[in-house]
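Student: Right, I'll just put the structure down here and ask away after.
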Amino acid sequence: MRAASRSSRARFDRSDPGTWDAVLQDVVVAHVVPPPVPGRVRQFVVRAKAAGVRRLVLLSGRSTDGWGDSAFGLDMQSAEEAVRGSSLEWTVLRASNFAQNFDEDVFHAPLIAGDLALPAGAVLRCSC
């Protein structure tokens, strides 16, 4: 396993293709978080394959194909098409919620009011 970020020793910036090749060397599986630029994952897939990567795991989102022409929807659809269309083994994760969801959009206001509101039906309240 190799951790890579914009500030790590193994520098990787998903928006800077110049940082991709070095971190892809000797990697078998790459976890892909799409940048907000349609088409960028297609470039990454080509570079990953050239470096010898055998499997891609893409972090997408629930109902990606139903987001229409929104910028976020186009980014995710483009990324999924690039990964699925590659000759590499692949997995697409369409997760429902992430930690950052709680500081934006529909979860934020209830959380500030003291309620963690999730689409999970009735649950026991913890007084931890």
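Student: Kindly indicate whether Leu56 is aliphatic (A, V, I, L, M) and closer than 16 Å to Ser78 by Cα. Steps first, answer last, please.
Tutor: Details: aliphatic (A, V, I, L, M): yes; closer than 16 Å to Ser78 by Cα: yes.
Spelling it out, Leu56 is indeed aliphatic (A, V, I, L, M) and closer than 16 Å to Ser78 by Cα.
Student: Still on this structure: Residues in the stretch 25-47 that are of a type outside the set (Val, Ile, Thr) and over 16 Å from the mean Cα position of the chain (by Cα): how many?
Tutor: Selection size over the stretch 25-47: 3.
Student: Please go through the stretch 56-66 and give me each residue that is farther than 20 Å from Ser5 by Cβ and crowded, with 16+ Cβ neighbours inside 10 Å, ordered by number.
Tutor: Ser60, Gly61, Thr64
Student: Here is a further query. Need the failing condition index for Ala117 against (1) modelled with pLDDT under 75; (2) open to solvent by 60 Å² or more (accessible area, probe 1.4 Å); (3) over 30 Å from Asp21 (Cα atoms), just the number.
Tutor: (2)
Student: Of the numbered conditions (1) at pLDDT 95 or above; (2) of a type in the set (Lys, Arg); (3) within 13 Å of the chain's Cα centre (by Cα), Arg55 satisfies every one except a single condition; which is it?
Tutor: (3)
Student: Keeping to the stretch 1-50, report how many residues are aliphatic (A, V, I, L, M), open to solvent by 50 Å² or more (accessible area, probe 1.4 Å) and either farther than 25 Å from Gln77 by Cα or not in a helix (DSSP H, G or I) (or both).
Tutor: Going residue by residue through the stretch 1-50, those that are aliphatic (A, V, I, L, M) are 1, 3-4, 10, 22-24, 27-30, 32-33, 37, 41, 45-46, 48, 50.
Cutting the leftovers down to open to solvent by 50 Å² or more (accessible area, probe 1.4 Å) gives us 1, 3, 22, 28-29, 33, 37, 46, 50.
In the following step, the residues that additionally are either farther than 25 Å from Gln77 by Cα or not in a helix (DSSP H, G or I) (or both) were identified as 1, 3, 22, 28-29, 33, 37.
Here the count works out to 7.
The values are calculated or read from the model by the stated rules, or taken from the named source; none is laboratory data. No experiment lies behind these values; they were computed from the predicted model shown. Neighbour counts run over all protein chains shown; Cβ positions are idealised from the backbone, glycine included. Only protein heavy atoms, including side chains, enter the accessible area calculation; ligands, DNA and RNA are left aside. Shrake-Rupley method; radii C 1.70, N 1.55, O 1.52, S 1.80 Å.
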